[in-house]
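The values are calculated or read from the model by the stated rules, or taken from the named source; none is laboratory data. This structure is a prediction, so every number in the text was calculated from the model and none was measured. All Cβ positions, even for glycine, are placed from backbone atoms using ideal geometry, and neighbour counts span all protein chains on display. Note: areas computed on protein heavy atoms with side chains; ligands, DNA, RNA excluded. Shrake-Rupley method; radii C 1.70, N 1.55, O 1.52, S 1.80 Å.
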Amino acid sequence: MPAARGWRGYRLWTAVGLVAVTVLVLLAWFTPVLSVRTVRIDGLSAVPQEEVRSRLEIPDGRSMLRIDTNSIAQRVAAIPKVRSVRVQRKFPSTVLVTVVERTPVVYAESPDGAHLIDAESVEFAIEPVAPIGVPKLVTEGSFTGPAATRAAVDVLVTLPPALSVQVGEVVARSISDVSLNLRDGRKVVWGGTGDGERKAAVVLPLLTREGTVFDVSSPNLVTVK
């Protein structure tokens with residue numbers, strides 16, 4: 001009998017606990033107890049905050065438990081200048097939206113403006129004026145379009161920072177013939193997109209020599225003219 005009474009007592013308190021939890025969940029779900037009061041957006045530079053907020057679509061008073069963080073992230077990620085988004089609940093009442101913007105590594109000149117292209121070869125914006133410090137993509141002959149863009153980007157993302165800031169133009173004649181026109185008038189013949197790490201290692205010491213054309217297309221046999 002004592003054991004039976006103990007079991008009944010355990011079941012009773014378990015039921016009471018479940019009811020209490022259910023009530024708390026219902027209160028949090030349907031009442032303002034855990035409603036969104038603050039939305040914080042981090043990581044913005046080129047994208048206007050108002051544009052991001054217009055994509056959030058979080059109704060006033062909506063419970064923190066009822067917001068769909070995945071859907072919010074997808075809507076914000078649809079902004080062309082946005083590379084990725086993370087949406088987090090910060091209890092009791094804050095939604096944190098962390099944005100990573102796309103950054104141009106090269107631009108293609110066109111009558112309608114400067115087409116900005118990021119490190120993933122994604123063309124994400126057209127600006128009336130090219131950003132300062134971003135090199136221009138120049139293609140020659142029949143080597144144009146995505147293949148030329150990919151070759152140029154592959155080379156640019158391999159460059160050591162001390163060289164990338166000097167590049168004014170990247171000239172893509174073919175996938176195996178890419179060169180860099182530096183802002184001081186010198187030229188680096190890079191060649192193909194392969195063996196990038198080795199080329200990056202030898203190019204800066206080579207640029208300390210006198211000359212105007214620095215060829216690292218064969219990194220084991222570099223030349224200066």
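Here are some notes:
- All positions within the stretch 64-81 that are out of contact with any strand residue (DSSP E or B) (no Cβ under 6 Å at 6 or more places or on another chain) and either within 23 Å of residue 122 (Cβ to Cβ) or not in a loop (DSSP other than H, G, I, E, B) (or both): 65, 66, 70, 71, 74, 75, 78, 79
- Complete set of residues in the stretch 88-106 that are in a strand (DSSP E or B), open to solvent by 20 Å² or more (accessible area, probe 1.4 Å) and either farther than 16 Å from residue 146 by Cα or not hydrophobic (A, V, I, L, M, F, W, C) (or both): 88, 89, 90, 94, 98, 100, 101, 104
- Matching residues in the stretch 40-64 - criterion: being in contact (Cβ under 8 Å) with a residue 40 or more places away in the chain and open to solvent by less than 80 Å² (accessible area, probe 1.4 Å): 41, 42, 43, 44, 46, 47, 52, 56
- Qualifying residue in the stretch 107-130 (condition: over 13 Å from the mean Cα position of the chain (by Cα), more than 30 Å from residue 67 (Cα to Cα), of a type in the set (Ser, Thr, Tyr) and open to solvent by less than 50 Å² (accessible area, probe 1.4 Å)): yes
- Qualifying residue in the stretch 162-177 (condition: part of a helix (DSSP H, G or I), without any contact (Cβ under 8 Å) to a residue 60 or more places away in the chain and farther than 18 Å from residue 107 by Cβ): yes
- From 86, 75, 62, residue being among the basic types (Lys, Arg) and modelled with pLDDT under 95: 62
- Scanning the stretch 131-174 for residues that are within 22 Å of residue 208 (Cβ to Cβ) and loosely packed, with under 14 Cβ neighbours inside 10 Å returns 160, 161, 162, 165.
- In the stretch 200-217, of all residues being polar (S, T, N, Q) and open to solvent by 60 Å² or more (accessible area, probe 1.4 Å), the one that is farthest from the chain's Cα centre (by Cα) corresponds to 212.
- For the stretch 85-125, the set of residues classified as closer than 23 Å to residue 164 by Cβ and of a type in the set (A, V, I, L, M, F, W, C) consists of 100, 105, 106, 108, 114, 116, 117, 119, 122, 124, 125, listed by residue number.
- Members of the stretch 175-199 that are open to solvent by 20 Å² or more (accessible area, probe 1.4 Å) and among the hydrophobic types (A, V, I, L, M, F, W, C): 175, 189
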